[in-house]
1. Among the residues of region 263-291, write down those that are closer than 18 Å to Gly69 by Cα and surrounded by 13 or more Cβ atoms within 10 Å (Cβ to Cβ).
2. For region 212-228, give me the residue count where each residue is under 18 Å from Leu14 (Cβ atoms) and loosely packed, with under 13 Cβ neighbours inside 10 Å.
3. Could you tell me which numbered condition Met295 fails, if it satisfies all but one of (1) on the phi > 0 side of the Ramachandran plot; (2) modelled with pLDDT of 95 or more; (3) under 24 Å from the mean Cα position of the chain (by Cα); (4) not polar (S, T, N, Q)?
4. Determine if region 64-77 includes at least one residue that is within 14 Å of the ligand (Cβ to nearest atom), touching a residue at least 12 places away in the same chain (Cβ under 8 Å) and surrounded by fewer than 23 Cβ atoms within 10 Å (Cβ to Cβ).
5. Taking region 154-200 as the region of interest, how many residues are out of contact with any Lys or Arg (no Cβ under 9 Å at 6 or more places or on another chain), within 12 Å of the ligand (Cβ to nearest atom) and not hydrophobic (A, V, I, L, M, F, W, C)?
6. Looking only at region 1-53, count how many residues are more than 15 Å from Ser68 (Cα to Cα), among the hydrophobic types (A, V, I, L, M, F, W, C), within 12 Å of the ligand (Cβ to nearest atom) and without any contact (Cβ under 8 Å) to a residue 60 or more places away in the chain.
7. If I filter region 212-231 down to residues being in a loop (DSSP other than H, G, I, E, B) and within 27 Å of the chain's Cα centre (by Cα), which single residue comes out as nearest to Ile248 (Cα to Cα)?
8. Is it the case that region 153-166 has a residue that's touching a Pro at 6+ places or on another chain (Cβ under 6 Å) and in the same structural domain as Met65 (by TED's automatic domain parsing)?
Amino acid sequence: MKRIFSGVQPTGNLHLGNYLGAIRNWVRLQDDYDCIFCVVDMHAITVRQKPEELTANTREVAAAMIASGVDPKKNIIFNQSQVSGHAELAWIFNCVARLGWLSRMTQFKEKAGKDKENASVGLFAYPNLMAADILLYKATHVPVGEDQKQHLELTRDIAQKFNSDFGVDLFPMVEPLIFGAATRVMSLKNGAAKMSKSDPSDNSRIGMTDDSGAIARKIRKAKTDPHPLPASPKEFDGRPEAANLMGIYASLADSTVEDVCARFGGEQFSTFKQHLADLAVAKLGPVQEEMRRLMGDPAYVDGVLGDGAARAREIARPILKEIQEAVGFLGA
Ligand code: AQP
């Protein structure tokens, strides 16, 4: 069976982009793949996190996965730090990957900003840990957004270099699974920037814990342009906000942007925003209600993560042993 690994960082402010671009798609994969879904708390600490918030956010991401329909019995859901193999393999990959490779990673440049000297070593080595996450389970497919494509390429480079350095054929070549373009959700305040957990403006994103009033208000305040809505995606050029809002509508409605343009083309943004707010509340409401219920039962969520970690360790153990033997670690 083809195996998938995918993760979300528990860095707070889980948003509609994480839901439409990642978590919701996972539900559709669970019948066709052997799936490992991870709350990547070790990635989260590459930038400073408050310990109690990290714990709460880890439960929140797990609750979002389960509430969205990811079945914890059929799939593995766990938090990364419970399986020490991730850190062990990441260290080996720190010694396989080249500084030059990591220096070219655009996400590091974006996240470290101007003050690179002050960024954590972990933020720089982040792609090596991501390679370890995937290869610890010999995953064959990784669902990725556009922004993660470069990291996946690096995972392939590391796998190849490991195989050739140690004269083995241990790691499979990982393939990306890329979903439709409409799943890249942009900021409500700037159609050219992606909706993001770390955007300082809460109005830029629809949060997975926002109530219906907040969802409607944020959509009402979303940036637009002065023209009526385009009647075809061909008219999206130079109109990133229209493209984004219509893309969100299409994604939530399980429809296409062509259909959304055909239905709303020529209308005013104010009318369309009302429809979009109603749709968002209708689609997100049940997921959010279930998330709230699960977050009120932390013992259950912790149990799911603990059980998932135990199953993940079982898969990882023989693979890690094989890797350690290839490296020449005595006692592997
Ligand atoms: N705006 C988005 N549109 C579509 N998909 C998105 N993802 C994130 N933002 C969007 C997808 O969500 C998954 C988890 O991402 P992550 O936790 O690794 O965080 P990220 O990709 O770095 O983006 P965030 O959530 O906005 O966090 P910050 O602000 O820290 O950059 C991934 O599959 C990602 O593609």
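The values are calculated or read from the model by the stated rules, or taken from the named source; none is laboratory data. Because the structure is a prediction, the values reported are computed rather than measured. Cβ: placed from backbone, ideal geometry, glycine included. Neighbour counts: every protein chain shown.
1. Taking region 263-291 first, the residues closer than 18 Å to Gly69 by Cα are 280-291.
Passing the criteria: Ala280, Val281, Lys283, Leu284, Gly285, Val287, Gln288, Glu290, Met291.
2. Selection size over region 212-228: 0.
3. (1)
4. Yes: region 64-77 contains one or more residues that are within 14 Å of the ligand (Cβ to nearest atom), touching a residue at least 12 places away in the same chain (Cβ under 8 Å) and surrounded by fewer than 23 Cβ atoms within 10 Å (Cβ to Cβ).
5. Number satisfying all stated conditions: 2.
6. Of the residues in region 1-53, 1 are more than 15 Å from Ser68 (Cα to Cα), among the hydrophobic types (A, V, I, L, M, F, W, C), within 12 Å of the ligand (Cβ to nearest atom) and without any contact (Cβ under 8 Å) to a residue 60 or more places away in the chain.
7. Here is the first cut: in region 212-231, the residues in a loop (DSSP other than H, G, I, E, B) are 222-231.
Now narrow it down to the ones that are within 27 Å of the chain's Cα centre (by Cα): 222-224.
Numbers: Ala222: 12, Lys223: 14, Thr224: 14 Å.
Looking at the filtered set, the residue picked out is Ala222.
8. Here is the first cut: in region 153-166, the residues touching a Pro at 6+ places or on another chain (Cβ under 6 Å) are 154.
Now restrict to residues that are in the same structural domain as Met65 (by TED's automatic domain parsing): 154.
Yes, region 153-166 contains at least one residue that is touching a Pro at 6+ places or on another chain (Cβ under 6 Å) and in the same structural domain as Met65 (by TED's automatic domain parsing).
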